[in-house]
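Input: a single structure, listed below in C-alpha cells.
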Amino acid sequence: MRFEVSRVLDAIEARLTLDPALARGVLDLAEVVRLVDLDGDHGKPASLLRLGHVLDAYAQHLAEDGVAVFAVANRGLLSDLDLTSNERMAIRRWADDGLLEVLPQPEDRVLEVAEQLGVPVLSRQLFAPYADRYAWLPRGLLAPAAQGLATVGEGLPGPAATPVLTRLWRCPEPTCPGFGAPTGGQPPPRLRAAVPTCPRHDTRLVDAGPRPPARVLAVRVDGAVRGRFVVRPEAPVVVGRSPTPEGPGASVSLGRLLGPEAMRWVSRNHLRLDLHGDVLVVTDRSTNGTVVRTPAGSVPLTAGQAYQLTADDVVELYRGVELGRPDRLRGGTARPASVMAEAPTVAIRLR
C-alpha cells in the first residue's frame, strides 16, 4: 500500500508547477487536503491524495491531460500530524524543489497569483475578506466537489497587466528554490506595497533583467490534447519516442501515448525545438521525417532540415501526433488521464 501511495504522490508531483507559462489554476493545499468528501474517507481528517482528486476533476473540467496547477501550502502542513510522515516529507520535498510555495497565510498569495496569471482559483472559500482588493471575486472560483468542479459566479479573471512578470528577479538567499537563480520559469514575485518580494523569505527581490520570451506548445494525439510544455531561449526541447534532453533544455517523451504504428514511425529523438529571440525553429532529426502544416500547405522536413514556425503552424510527427500552440490545437478528451490511476500523459524531463 505504501508503494502505491508513493507512486500516486509521484504522479501528483508531475502536475505541480510554479511556472507562470504552465500553471492553469491556483489552489490552497491546506484546504484541499481536508476536503473529506472528495474521497469518502471521513475517518481521515487530512490526506494529500485529495490533491489528486482535485487534479483529476480539473483535467476533466478542461478536457485535457497533464493539467498543472500552482499550489500554495500553509506552513503548518509541514508538522501536521493528521498527515502521514510520508505526506509531510513529500510537501517539504516539493517546496525545496520549487514545485510549490509554503507560507504562513496562503489565501492572499493564492488570489494574487490567480490575478496575475489570469487563471481560476480551485477553492470552496469565497474569500470575503479580500473582496475589496480583488474585484473579480467570486468570479474565477471553481469549487472542488465529489462530482467534479462547480463554477462560482460567472466568468474568470483575465491576466493582470503586471510589469513584474516581464522581469527576472533574484533573492538575496542564493539557495532560494524560486528566486535563487533568475530563470524564465520562476514564479511571480509577491508584491508588498508594490515592491517585488520573495514569498518564501519575505525579502526584497533584486531586478535581474528582462524575462526571456517563452513559447507554450501543446501535444495532441488522436484528437486529444495530452499535455503542454515550454520552449525558452538557450533551453532547446527534444521531442520523440524516448528522447534525451540537451543542455539545460527539456525532453518530451511521447512513447506511452503512441499506438504500435506510431511507435515504429516516431524516432527516439524525432525533432528539436529552439527559440531564437521570438523565432521558434523546429529541426527534424528523425528517420521518417516530419511535416509542418501551414495555412499555405504542408512542408515536409527530412533529417537535419530546420523550419521557422509561425503561430498558425502545426508540426506533425506522425498521422494524429501533433505539436502546436494550445489555441491552435483544439480538441479535448472525454476521459483525461487520471493522476489517481497513474494513466500515461506526456512525460517532460529536465536535464
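The values are calculated or read from the model by the stated rules, or taken from the named source; none is laboratory data. As the structure is a prediction and not an experimental result, all values here were calculated from the model. Here the Cβ positions follow ideal geometry from the backbone for every residue, glycine too, while neighbour counts run over all protein chains shown.
Points to keep in mind about this one:
- Scanning the stretch 53-74 for residues that are buried (at least 18 other Cβ atoms within 10 Å of the Cβ) and hydrophobic (A, V, I, L, M, F, W, C) turns up V54, L55, A57, A59, V67, A68, V69, F70, A71, V72, A73.
- Residue check for L77: more than 29 Å from V219 (Cβ to Cβ) and either modelled with pLDDT of 95 or more or surrounded by fewer than 18 Cβ atoms within 10 Å (Cβ to Cβ) (or both): yes
- Exactly one residue among V219, V195, V206 is touching a Lys or Arg at 6+ places or on another chain (Cβ under 7 Å), β-branched (V, I, T) and under 30 Å from G259 (Cβ atoms), and that residue is V219.
- The stretch 55-91: number of residues that are assigned to a helix (DSSP H, G or I), among the aliphatic types (A, V, I, L, M) and under 27 Å from R200 (Cα atoms): 6
- Annotation note: Cβ proximity below 7 Å between a residue of the stretch 259-284 that is among the aromatic types (F, W, Y) and a residue that is in a loop (DSSP other than H, G, I, E, B) (sequence gap 6+ or interchain) occurs for W265/N288.
- Every residue from the stretch 116-159 that is surrounded by 15 or more Cβ atoms within 10 Å (Cβ to Cβ) and either over 21 Å from A59 (Cα atoms) or without any contact (Cβ under 8 Å) to a residue 24 or more places away in the chain (or both): Q116, F127, Y130, Y134, W136, L137, P138, R139, L141, A143, T151
- Tally of residues being hydrophobic (A, V, I, L, M, F, W, C) and loosely packed, with under 14 Cβ neighbours inside 10 Å across the stretch 169-205: 4
- Among the residues making up the stretch 206-225, those that are buried (at least 18 other Cβ atoms within 10 Å of the Cβ) and touching a helix residue (DSSP H, G or I) at 6+ places or on another chain (Cβ under 7 Å) are R211, V221.
- Selection count, the stretch 232-259, where residues are within 21 Å of L168 (Cα to Cα) and touching an Asp or Glu at 6+ places or on another chain (Cβ under 7 Å): 2
- Filtered by the rule that a residue be acidic (D, E) and in a loop (DSSP other than H, G, I, E, B), the stretch 95-104 gives a lone residue, D97.
- From R50, R34, R24, residue being touching a residue at least 12 places away in the same chain (Cβ under 8 Å) and closer than 27 Å to V219 by Cβ: R24
- Residue in the stretch 191-201 that is over 30 Å from G40 (Cβ atoms), assigned by TED's automatic domain parsing to the domain that holds D312 and touching a helix residue (DSSP H, G or I) at 6+ places or on another chain (Cβ under 7 Å) present: no
- Within the stretch 243-266, the set of residues being at pLDDT 95 or above and of a type in the set (S, T, Y) comprises S253 only.
- Applying the condition of being of a type in the set (A, V, I, L, M, F, W, C) and in a loop (DSSP other than H, G, I, E, B) to the stretch 105-132 and asking which residue is farthest from A161 (Cα to Cα) yields L126.
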